[in-house]
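Working notes, beginning with the structure itself.
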Amino acid sequence: MGRILIVCPRDLTKYLVTECKALGLVVLDEEPSGVWVEGSLLDTFRMNLMLRTAHRVLYLLREFRATEPQELYREINSLPWEDHIKSNGYLSVLSNADTPAILDTRFLNLKVKDAIVDRIRDKTGRRPDSGSELRGVVVNVYWKGDRCSVYLDTSGEPLSKRGYRKHPHKAPMQESLAAAVVMATGWDGQGAFINPMCGSGTLAIEAALIALGRAPAATRLDFAFMHLKGYLPEALKALRAEVRGQVRKSIPGRIIATDNDPNAITAARRNAETAGLGHLIEFEVCDFQDTPIPEGGGVVVINPEYGKRIGLEEKLADTYGLIGDFFKHKCQGYHGYVFTGNMKLAKKIGLRTKSRREFHNGPIECRLLEYELYEGSRRGPDPGGPDPAGQGPGGQGPEGPDPTGPEPAG
Ligand SMILES: C[S@@+](CC[C@H](N)C(=O)[O-])C[C@H]1O[C@@H](n2cnc3c(N)ncnc32)[C@H](O)[C@@H]1O
């Protein structure tokens, strides 16, 4: 047993904690961008396969103090790498440094790589190959101040790359973020999941994976742990069979994804098919306002353009106003959600928010705004009124006080 740091984008930590607990993992601590759990190298297989909001699963090998690169070399060189890496294997190093000792992480990567391959050459007479492609064993080093941590990175390529999005459309959402957004809506397969403006279909696909209880990396072929010395393919095979056995055959609710761009729907449909979910999602080319809304309620999740990456703010103001009308007139009995990075535009929706959850889409600060769409939704005071000065995302909008308080709702 050892300590494992599961890394995720900031804002996803609380969703990752929920996932870890659901997997029965002992959560030791939380970081701004990760969660510490206890477990063995074998346990990392399950984490890699099952966690929707994680990006990397790092198994801690050693923590030590160092103030200059040669000290780091000595410490790393003293670890028994020959137990983990085959002398004819392939190694990559990833690192993060926040120390005056390192000005360029490429130098740090090289120092770490040398320390490891020199050790293996001394013990076995042969040096493993190395490079930047994440196709073999991956070692991750974090050096902050005088404290260094060395990990076996059991994931390799980030876990957000599920492998199904072969056809990205405009501004696609990262798969892990989309999973967290679906988790935030609480949708579990009951009722409908409606995703107008679906783009490449990420939200609908992640919703389908969640509702089925299917492991997000069920079809991913390569993980860095598979290249470690002593890796047992049978263990992964058994685990894959176990998680396959837990998948629900169908879901009680419906998933409907629409977009007014036929290319988006072609891409989304292909992505869903690649994920093996083509039969579960009903796609349609239409304006978002014409999206079919079945009786019985559920969630409507819209990720409109928000003028920072694509689209123009002025043009989008009308669209946001129409989203408010669509929610109010066509989605009664549903929970409406808008994921946006532009709170000025969000005010044009003109409905009272029930909650606002904080996210980042890359560097852009975003909110997932929730609207309870009961019969005759209340409009707040004039949504077109002046924008209160200094109001950042999550500030009090003209809809009135945010019932969730200053912190994003949990
Ligand atoms: C930010 S992208 C959505 C990205 C999506 N979440 C993903 O992960 O790929 C916004 C989408 O809204 C679509 N769109 C814009 N205006 C629309 C409208 N009036 N009706 C329907 N779709 C629209 C665009 O074609 C684009 O695909």
Query raised in the report: Quick one: Cα centre-to-centre distance for region 327-372 and region 93-127, in angstrom?
Result: 46 Å
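Going down the table (LYS113/LYS170; LYS111/LYS144; LYS111/LYS237; LYS113/LYS144; LYS86/LYS111), which pairs top 26 Å between alpha carbons? Don't skip to the end; give the middle numbers.
Values: LYS113/LYS170 38 Å; LYS111/LYS144 16 Å; LYS111/LYS237 36 Å; LYS113/LYS144 19 Å; LYS86/LYS111 19 Å.
Over 26 Å apart, Cα to Cα: LYS113/LYS170; LYS111/LYS237.
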Query raised in the report: Roughly how many nanometres apart are two label points built 7 Å out from the Cα toward the Cβ at GLU295 and ALA241?
Result: 4.6 nm
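Could you compute the net charge surrounding PHE64? Neighbours are other residues with a C-beta less than 15 Å from the C-beta of PHE64; K and R count +1, D and E count -1.
+2
Arrange the peptides 239-250, 314-325 so that the one whose residues have, on average, the most other Cβ atoms within 10 Å appears first.
314-325, 239-250
Of all DSSP beta bridges in the chain, what percent run antiparallel (nearest 5)? List each step's numbers first, then the result.
Details: 44 of 69 bridges.
Percentage antiparallel, nearest 5: 65.
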Query raised in the report: Where Lys and Arg each count +1 and Asp and Glu each count -1, what net charge lies around SER78 among other residues with Cβ under 10 Å from its Cβ?
Result: +2
Requested in this report: Compare the peptides 218-229, 286-297 by average per-residue count of other Cβ atoms within 10 angstrom and give them in order, highest first.
Outcome: 218-229, 286-297
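Multiply the residue gap between ASP98 and LEU312 by 0.36 nm, knock off their C-alpha separation, and tell me the result in nm, one decimal place.
Working: separation 214, 0.36 × 214 = 77.04 nm, distance 3.78 nm.
Computed gain between ASP98 and LEU312 is 73.3 nm.
Just to confirm a number: summing +1 for Lys and Arg and -1 for Asp and Glu over residues other than GLY2 whose beta-carbon lies under 10 angstrom from that of GLY2, what do you get?
Values: positive: ARG3; negative: GLU38, ASP43.
After counting each charged neighbour, the total is -1.
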**Report entry** Rough spin-label spacing in nm, given labels placed 7 Å along Cα→Cβ, for LYS21 and GLU68
**Finding:** 4.8 nm
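Only the coordinates and a few stated rules stand behind these numbers; no lab work does. Just so it is clear, the structure is predicted and the values come from calculations on it, not from any experiment. Here Cβ is always computed from backbone atoms with ideal geometry, including for glycine, and neighbour counts include all displayed protein chains.
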